[in-house]
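Q: Before we start, here is the structure in question, set down as structure tokens.
The values are calculated or read from the model by the stated rules, or taken from the named source; none is laboratory data. Treat the numbers as computed from the prediction; the structure is a model and nothing was measured. As a convention, Cβ positions derive from the backbone with ideal geometry for all residues, glycine included, and neighbour counts pool all protein chains shown.
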Ligand code: NAD
């Protein structure tokens, strides 16, 4: 199933509950703008490198659009489209004043030098600077891009429009980045885990977690969860998987992985087969690496009671239906991993106000927004007798639908506002 088909499936499942009607459904499913540009730069060898850059702007009814820029040799327009729409629902679930977007450049960053990457980024900005901006569309790092990429974007964009750090988030602190942005997604996952476990009558202390992925999301999630007294009994990265029933020492693993480039060979755990990670004996499974890893092939063997989606789109719709039937709680990506975009929002707020927040304030506000979102999703699930993913989509879609209708799509039931109309 293509990425956009999976997103549309979840959209339709929730839209059916809402009874939106075909007019507004069409508006909400169709991206506002899809841009493809050619990027031509001179490589270090003197040859010309030609790359394709994409930006999909899905929806801006609740505010400027927001989403990452992926640098990957296989940036797929269909996936970018699907991720742009997921951003629309994610920002609405988190109740931050943004719409959704996503983009990327078809390049392999591991094969480009620092100066080549800089040229590609600046040339991309030359092509899209008119359609991005603090009140229009605010990119951020994603797979293959990072805070250095964002710094180049700020610099290039500012040449056209004057000093504008709020054009992107995920910047280095020196250029207006926020305290807490790097660990934000993992920190948000921790707040989500704490709340969901409490709902199941469980304490994070002593609970057993298996985590797939030890990059930005997986590392910080493991760090906060471990520090709260949970046991990380299995963990994996691209090099393979490891397990320890007594719990893995995450601080030691972070040091080991930094020094060795991967978790492979870590002395504090035993190696297990990579595919055994997802079916480990644990209370909570936290996929934090790739999309489409929980599928109809392996879902019957999952032993966790709760799945918290750190990665975007880790569960296929077929597997999702099976998990619902089995009564396994799935905490969906559009809520669970929203910590990153929430702290991006705080970064933008700080840039616009030219006022810096301390880390304590960032984390305090992040916790409030994550817990508010969770409580709203839970109410939706209760009122509609549905699973948490459908509830999250219901919440996100209804907020976007209402804003769209209020801004001028006539004859929609979502338009109805109480009070005098004269
Ligand atoms: P990353 O590149 O920092 O880390 C990815 C990790 O996954 C690495 O440890 C890598 O070794 C591992 N990995 C890759 N293939 C694997 C495999 N087959 N089996 C096991 N591990 C594998 O990426 P990230 O920023 O941590 O993002 C991870 C996921 O979370 C992605 O789906 C991303 O879209 C999503 N996400 C990230 C953020 C964020 O703020 N970084 C926010 C929301 C969602």
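Q: From the list 50, 37, exactly one residue is without any contact (Cβ under 8 Å) to a residue 60 or more places away in the chain and touching a strand residue (DSSP E or B) at 6+ places or on another chain (Cβ under 6 Å). Which is it? Can you show your working first?
A: Values: 37 fails: without any contact (Cβ under 8 Å) to a residue 60 or more places away in the chain.
Going through 50, 37 in turn, just one is without any contact (Cβ under 8 Å) to a residue 60 or more places away in the chain and touching a strand residue (DSSP E or B) at 6+ places or on another chain (Cβ under 6 Å): 50.
Q: Could we say that residue 283 is closer than 25 Å to residue 229 by Cα, crowded, with 19+ Cβ neighbours inside 10 Å and within 11 Å of the ligand (Cβ to nearest atom) here? Even if it seems obvious, please write down each step before you answer.
A: Numbers: closer than 25 Å to residue 229 by Cα: yes; crowded, with 19+ Cβ neighbours inside 10 Å: yes; within 11 Å of the ligand (Cβ to nearest atom): no.
Against the criterion (closer than 25 Å to residue 229 by Cα, crowded, with 19+ Cβ neighbours inside 10 Å and within 11 Å of the ligand (Cβ to nearest atom)), residue 283 does not qualify.
Q: Name the pairs: first residue in region 195-219 and in contact (Cβ under 8 Å) with a residue 60 or more places away in the chain, second residue outside any loop (DSSP other than H, G, I, E, B) and surrounded by fewer than 17 Cβ atoms within 10 Å (Cβ to Cβ), Cβ to Cβ under 7 Å, at least 6 apart or on different chains?
A: 195/371
Q: Going by the structure shown, is residue 290 under 22 Å from the mean Cα position of the chain (by Cα), touching a residue at least 12 places away in the same chain (Cβ under 8 Å), under 20 Å from residue 221 (Cβ atoms) and in a loop (DSSP other than H, G, I, E, B)?
A: Details: under 22 Å from the mean Cα position of the chain (by Cα): yes; touching a residue at least 12 places away in the same chain (Cβ under 8 Å): yes; under 20 Å from residue 221 (Cβ atoms): yes; in a loop (DSSP other than H, G, I, E, B): yes.
The answer is yes for residue 290.
Q: Still on this model: Pick from region 232-250 the residues that are part of a loop (DSSP other than H, G, I, E, B) and more than 14 Å from the ligand (Cβ to nearest atom): which of them is surrounded by the most Cβ atoms within 10 Å (Cβ to Cβ)? Before you say what the answer is, go through the steps one by one.
A: Filtering region 232-250 for residues part of a loop (DSSP other than H, G, I, E, B) gives 238-239, 244-249.
Now drop any that are not more than 14 Å from the ligand (Cβ to nearest atom), which leaves 244-249.
Numbers: 244: 18, 245: 13, 246: 9, 247: 17, 248: 23, 249: 16.
Residue satisfying both the conditions and the ranking: 248.
Q: Another question, then. More than 23 Å from the chain's Cα centre (by Cα) and outside any loop (DSSP other than H, G, I, E, B): does that describe residue 271? Spell out the reasoning first.
A: Values: more than 23 Å from the chain's Cα centre (by Cα): yes; outside any loop (DSSP other than H, G, I, E, B): yes.
So residue 271 fits the description; yes.
Q: Something else now. Evaluate region 382-398: report whether one residue or more is modelled with pLDDT of 95 or more, exposed (fewer than 14 other Cβ atoms within 10 Å of the Cβ) and under 25 Å from residue 83 (Cβ atoms).
A: no
This table checks each residue for (1) away from the ligand (no atom under 15 Å from the Cβ); (2) assigned to a strand (DSSP E or B); (3) within 22 Å of residue 146 (Cβ to Cβ).
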position	(1), (2), (3)
7	no, no, no
10	yes, no, no
15	yes, no, no
20	yes, no, no
34	yes, yes, no
61	yes, no, no
89	no, no, no
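Q: When the residues of region 293-310 are narrowed to those that are within 13 Å of the ligand (Cβ to nearest atom), free of Cβ contacts under 8 Å to residues at least 60 places away in the same chain and crowded, with 23+ Cβ neighbours inside 10 Å, which ends up farthest from the chain's Cα centre (by Cα)?
A: 294
Q: How many residues does region 311-332 contain that are under 19 Å from residue 199 (Cα atoms) and either crowded, with 24+ Cβ neighbours inside 10 Å or in contact with a helix residue (DSSP H, G or I) (Cβ under 7 Å, 6 or more places away or on another chain) (or both)? Full working, then the answer.
A: First, pick out the residues of region 311-332 that are under 19 Å from residue 199 (Cα atoms): 323-324, 326-332.
So of that shortlist, the ones also either crowded, with 24+ Cβ neighbours inside 10 Å or in contact with a helix residue (DSSP H, G or I) (Cβ under 7 Å, 6 or more places away or on another chain) (or both) come out as 323, 329-332.
Adding up the residues that qualify gives 5.
Q: Of the residues that make up region 252-264, is at least one touching a helix residue (DSSP H, G or I) at 6+ places or on another chain (Cβ under 7 Å) and more than 13 Å from the ligand (Cβ to nearest atom)? Walk me through how you get there before you give the answer.
A: Taking region 252-264 and keeping what is touching a helix residue (DSSP H, G or I) at 6+ places or on another chain (Cβ under 7 Å), we get 254, 263.
Then drop every residue that is not more than 13 Å from the ligand (Cβ to nearest atom), which leaves none.
No, region 252-264 contains no residue that is touching a helix residue (DSSP H, G or I) at 6+ places or on another chain (Cβ under 7 Å) and more than 13 Å from the ligand (Cβ to nearest atom).
Q: Something else about it: Go through 313, 327 for me and flag whichever is at pLDDT below 95 and either over 16 Å from residue 214 (Cα atoms) or away from the ligand (no atom under 13 Å from the Cβ) (or both).
A: 313
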